[in-house]
Amino acid sequence: MSFFSHSFVPANPIDQPLVVILLGPPGSGKGTHAKPLSEHFSIPHISTGDLFRAHLEKKTPLGDQVQRYLDQGALVPDDLVIDMLFSRIAEKDCKKGYILDGFPRSLYQAERLLSKMHDTKLAVIHLSVEDAVITERILGRLLCKGCQTSFHEIFCPPKICGVCDHCSTPFVKRSDDTKTIINKRLQAYHQEIAPIVSFYTKKGCLFTIDASGKKEEIFHDTIQEINQHLAKERSFSEAY
């Protein structure tokens with residue numbers, strides 16, 4: 001049985017739309033937990049990285065704008081990221097809510113997102129992990145370039161060194177998975193996340209989870225925090 005078995009935790013106890021935001025440094029497990037949380041609450045998982053790739057591949061007007069910034073080596077402006085996200089959450093499958101991974105990344109984005117919420121329950125899960133643990137996790141990451149399955153040299157090693165258990169395709173490692181780049185990414189993350197954490201803490205909807213332990217424990221703690229928050233009588237928009 002998968003460690004993400006849903007049998008030990010109740011599903012969403014109310015009918016209001018639910019928005020779950022996963023905050024955490026690179027390697028904290030946002031992507032790992034987003035999919036099972038999506039399945040548990042029956043709401044879609046939206047990754048801003050996936051949105052970028054989809055718009056770029058389809059060459060949409062938004063994608064063309066993103067490409068121009070990428071070609072210049074510039075950061076994609078907040079408003080363009082927000083337009084892309086708002087276009088996605090306007091779709092029918094987001095009517096009951098959604099899970100965000102990789103957004104917001106600035107206080108401005110957090111405030112703009114809040115302006116779109118009406119009679120909605122918001123739970124912000126801050127996956128907290130020490131920098132040393134994050135570095136170990138990232139340096140050991142292995143990705144199958146065939147079926148895209150993730151492994152880890154220490155925590156989830158393949159049966160045969162160097163190749164995927166499922167399709168026998170050799171692994172690739174990201175070019176930016178080096179100590180120097182990881183340290184820079186972590187420094188940037190801590191600077192950008194502080195005002196966002198403060199913003200959601202003041203709203204009373206942020207819950208910090210120790211994400212350095214076992215996956216099943218992290219998942220269970222996350223579900224428990226969300227369900228306790230959902231049990232409150234008032235919606236986010238009513239409370240704020």
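The values are calculated or read from the model by the stated rules, or taken from the named source; none is laboratory data. Being a predicted model, the structure only gives us computed values, none of them experimental. When we count neighbours, we look across all protein chains shown, and the Cβ atoms used for this are built from the backbone with ideal geometry, even at glycine.
Restricting attention to segment 81-107, which residues are loosely packed, with under 14 Cβ neighbours inside 10 Å and either touching a Ser or Thr at 6+ places or on another chain (Cβ under 8 Å) or not acidic (Asp, Glu) (or both)?
Phe86, Ser87, Ala90, Lys92, Lys95 - these are the residues of segment 81-107 that are loosely packed, with under 14 Cβ neighbours inside 10 Å and either touching a Ser or Thr at 6+ places or on another chain (Cβ under 8 Å) or not acidic (Asp, Glu) (or both).
Can you tell me which residues in segment 136-164 are over 17 Å from Lys214 (Cα atoms), out of contact with any His (no Cβ under 8 Å at 6 or more places or on another chain) and surrounded by 16 or more Cβ atoms within 10 Å (Cβ to Cβ)?
Leu139, Leu143, Pro158, Val163, Cys164
Starting from segment 220-240, take each residue that is within 11 Å of Leu122 (Cα to Cα) and assigned to a helix (DSSP H, G or I) and list its partners that are modelled with pLDDT of 85 or more and polar (S, T, N, Q), counting only C-beta distances under 7 angstrom and pairs at least six apart or across chains.
Final answer for the pair search is Phe236/Thr120; Ser237/Thr120.
What about Asp131, is it modelled with pLDDT under 90 and in contact with a helix residue (DSSP H, G or I) (Cβ under 6 Å, 6 or more places away or on another chain)?
no
For segment 179-197, give me the residue count where each residue is surrounded by 12 or more Cβ atoms within 10 Å (Cβ to Cβ) and of a type in the set (Ser, Thr, Tyr).
Here the count works out to 1.
Going through segment 54-79 one residue at a time, which ones are polar (S, T, N, Q) and in a helix (DSSP H, G or I)?
So the first thing to find is which residues in segment 54-79 are polar (S, T, N, Q), and the list is 60, 65, 67, 72.
Within segment 54-79, Gln65, Gln67 qualify.
Looking at segment 158-177, which of its residues are in contact (Cβ under 8 Å) with a residue 12 or more places away in the chain and under 17 Å from Gly27 (Cα atoms)?
If the condition is that a residue be in contact (Cβ under 8 Å) with a residue 12 or more places away in the chain and under 17 Å from Gly27 (Cα atoms), then Val172, Lys173, Arg174, Asp177 are the ones that fit.
Residues in segment 25-61 that are over 13 Å from the mean Cα position of the chain (by Cα), under 17 Å from Ile89 (Cα atoms) and surrounded by 18 or more Cβ atoms within 10 Å (Cβ to Cβ): how many?
4
Out of all the residues in segment 71-108, which are under 15 Å from the mean Cα position of the chain (by Cα), of a type in the set (Ser, Thr, Tyr) and closer than 20 Å to Gln191 by Cβ?
Ser106
Six or more apart or on different chains, Cβ atoms under 9 Å: show the pairs whose first residue is in segment 59-80 and without any contact (Cβ under 8 Å) to a residue 24 or more places away in the chain and among the hydroxyl-bearing types (Ser, Thr, Tyr) and whose second is in a loop (DSSP other than H, G, I, E, B) and surrounded by 15 or more Cβ atoms within 10 Å (Cβ to Cβ).
Tyr69/Val76
Consider Tyr200 carefully, then state whether it is within 28 Å of Leu107 (Cβ to Cβ), aromatic (Phe, Trp, Tyr) and modelled with pLDDT of 90 or more.
Criteria met by Tyr200.
Looking at (1) over 20 Å from Thr120 (Cα atoms); (2) surrounded by 12 or more Cβ atoms within 10 Å (Cβ to Cβ), which one does Cys205 not meet, given that it meets all the others?
Looking at each condition in turn, Cys205 falls short on (1).
For segment 151-185, which residues satisfy the criterion of being in contact with a Gly (Cβ under 9 Å, 6 or more places away or on another chain) and among the aliphatic types (A, V, I, L, M)?
Ile154, Ile182
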